[in-house]
Amino acid sequence: MKNSKLQFKIILVSAFLISMPLLVSAKGLVPCGGEPPEIPCNLCHLAVMADNIIKFLLFVLVLPAGTLALIIAGILILTAGGSDDQITKGKTVFKQVVIGLLIAFSAWLIVGTILGNLLKTRYLPWNKFPENKCYLFN
């Protein structure tokens, strides 16, 4: 029994390490600066970078992690074998993940709606910051 747990942990860590290059897709968070052919940074690029970071956190990190947690909750419930503790644990994980995802994406939607209403009418849609022109602070 102890040997199979060790093998499972080794497989889990190996899968995580193998998938790390897929998770490291943060290139492009900073839209300016760098080598001389690139655009120099200004105040608009700060808003673009904030938008890029939020999208990275929500769609590249939170959504896959939430999906993985939902899968784990389902596996806990399916493999319970009549154990009430494991079923309760799976339901608790499922409920907490759904509440967390709802809070994260509701906050994104609320902030985006407020930004869309406060900024000029030519700045639409609210979830796409202008990268080439500075409409944000004109």
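The values are calculated or read from the model by the stated rules, or taken from the named source; none is laboratory data. In this text the structure is predicted, and so the values were computed from the model without any measurement. Note: ideal-geometry Cβ built from the backbone for every residue, glycine included; neighbour counts use all protein chains shown.
Here's the yes/no breakdown for (1) surrounded by 10 or more Cβ atoms within 10 Å (Cβ to Cβ); (2) modelled with pLDDT of 75 or more; (3) of a type in the set (Gly, Ala, Ser):
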site	(1), (2), (3)
3	no, no, no
8	yes, yes, no
13	yes, yes, no
18	no, yes, no
24	no, no, no
28	no, no, yes
34	yes, no, yes
39	yes, no, no
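What pairs come up if the first residue lies in the stretch 103-119 and is more than 17 Å from residue 63 (Cβ to Cβ) and among the charged types (D, E, K, R), the second is at pLDDT 85 or above and not in a helix (DSSP H, G or I), and their beta carbons are under 6 Å apart, counting only those six or more places apart or on different chains?
Every condition considered, no pair remains.
Tally up the residues in the stretch 47-91 that are without any contact (Cβ under 8 Å) to a residue 12 or more places away in the chain, more than 20 Å from residue 12 (Cα to Cα) and β-branched (Val, Ile, Thr), please.
Summing the residues that are without any contact (Cβ under 8 Å) to a residue 12 or more places away in the chain, more than 20 Å from residue 12 (Cα to Cα) and β-branched (Val, Ile, Thr) in the stretch 47-91 gives 2.
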